[in-house]
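To start, the structure itself, in structure tokens.
The values are calculated or read from the model by the stated rules, or taken from the named source; none is laboratory data. Predicted model only: the values in this text are computed from it and were never measured. Here the Cβ positions follow ideal geometry from the backbone for every residue, glycine too, while neighbour counts run over all protein chains shown.
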Amino acid sequence: MRSFSRNMPPRPDHTMGPVASLGVMGLFLGLLAVPGLEWWPLAFVLPVIFIVGTLIGWRNDKREAERRRGESICSFARSFDCRVIDSWIVRAVYEEFSDSFPVRAEDSFRDDLRTDEEDLEDSIEAIAQRIGRSLDNTEANLLWGRLENATACDLVLFLNAQPRLSAGTADR
């Protein structure tokens with residue numbers, strides 16, 4: 001018998017604390033100022049552009065979180081037939097991408113979640129390892145080609161079509 005998805009291993013925390021975040025931002029702004037040593041206006045403009053872009057991204061995430069108030073993993077899971085789709089996959093995909101706001105099945109990784117292709121590949125590997133799915137021979141998966149312009153639903157279906165790592169994980 002399969003165990004409940006709430007019993008799966010916790011997602012590793014990839015976020016930095018506020019102090020580390022400020023340290024990284026300070027280092028980045030310092031590096032942006034290096035070209036300004038020769039031309040001082042550049043030392044002012046580049047960090048300002050970076051800070052404004054970061055603040056706009058945070059504001060957009062906050063607005064989206066407000067629009068999706070009341071949504072949770074339950075809303076996400078209702079988008080799938082969990083008698084056919086492994087509930088561990090549904091939970092792992094939701095938890096991986098819902099840091100800023102709740103994820104919907106129709107959310108595009110590129111447009112809605114602002115996840116580039118490399119980050120998506122890293123996330124797929126982390127999710128597959130966490131849920132015990134193999135990523136060998138992904139080209140045989142019919143959904144492999146759809147991951148370029150993928151939605152959260154596409155990722156869930158893709159991972160569900162991948163084989164489990166061993167027979168022992170089938171019962172969990």
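With respect to the conditions (1) assigned by TED's automatic domain parsing to the domain that holds Arg146; (2) not in a loop (DSSP other than H, G, I, E, B), Phe101 falls short on a single one, namely (2). Evaluate the following for Ser75: is it hydroxyl-bearing (Ser, Thr, Tyr) and closer than 18 Å to Gln162 by Cα? No; evaluated as a whole, the condition is false for this residue. Inspection of segment 81-95 identifies at least one residue that is over 13 Å from the mean Cα position of the chain (by Cα), surrounded by fewer than 15 Cβ atoms within 10 Å (Cβ to Cβ), among the charged types (D, E, K, R) and assigned by TED's automatic domain parsing to the domain that holds Phe158. Of the set (1) buried (at least 19 other Cβ atoms within 10 Å of the Cβ); (2) acidic (Asp, Glu); (3) not in a helix (DSSP H, G or I), all apply to Glu106 but (1). Keeping to segment 111-157, report how many residues are free of Cβ contacts under 8 Å to residues at least 24 places away in the same chain and touching a Leu at 6+ places or on another chain (Cβ under 8 Å). Residues flagged as free of Cβ contacts under 8 Å to residues at least 24 places away in the same chain and touching a Leu at 6+ places or on another chain (Cβ under 8 Å) within segment 111-157 amount to 3.
A count restricted to segment 53-64 and to residues that are at pLDDT 90 or above and either under 19 Å from Ala161 (Cα atoms) or within 17 Å of the chain's Cα centre (by Cα) (or both) stands at 3. What is the residue count in segment 111-149 for residues that are surrounded by 15 or more Cβ atoms within 10 Å (Cβ to Cβ) and in a loop (DSSP other than H, G, I, E, B)? Summing the residues that are surrounded by 15 or more Cβ atoms within 10 Å (Cβ to Cβ) and in a loop (DSSP other than H, G, I, E, B) in segment 111-149 gives 7.
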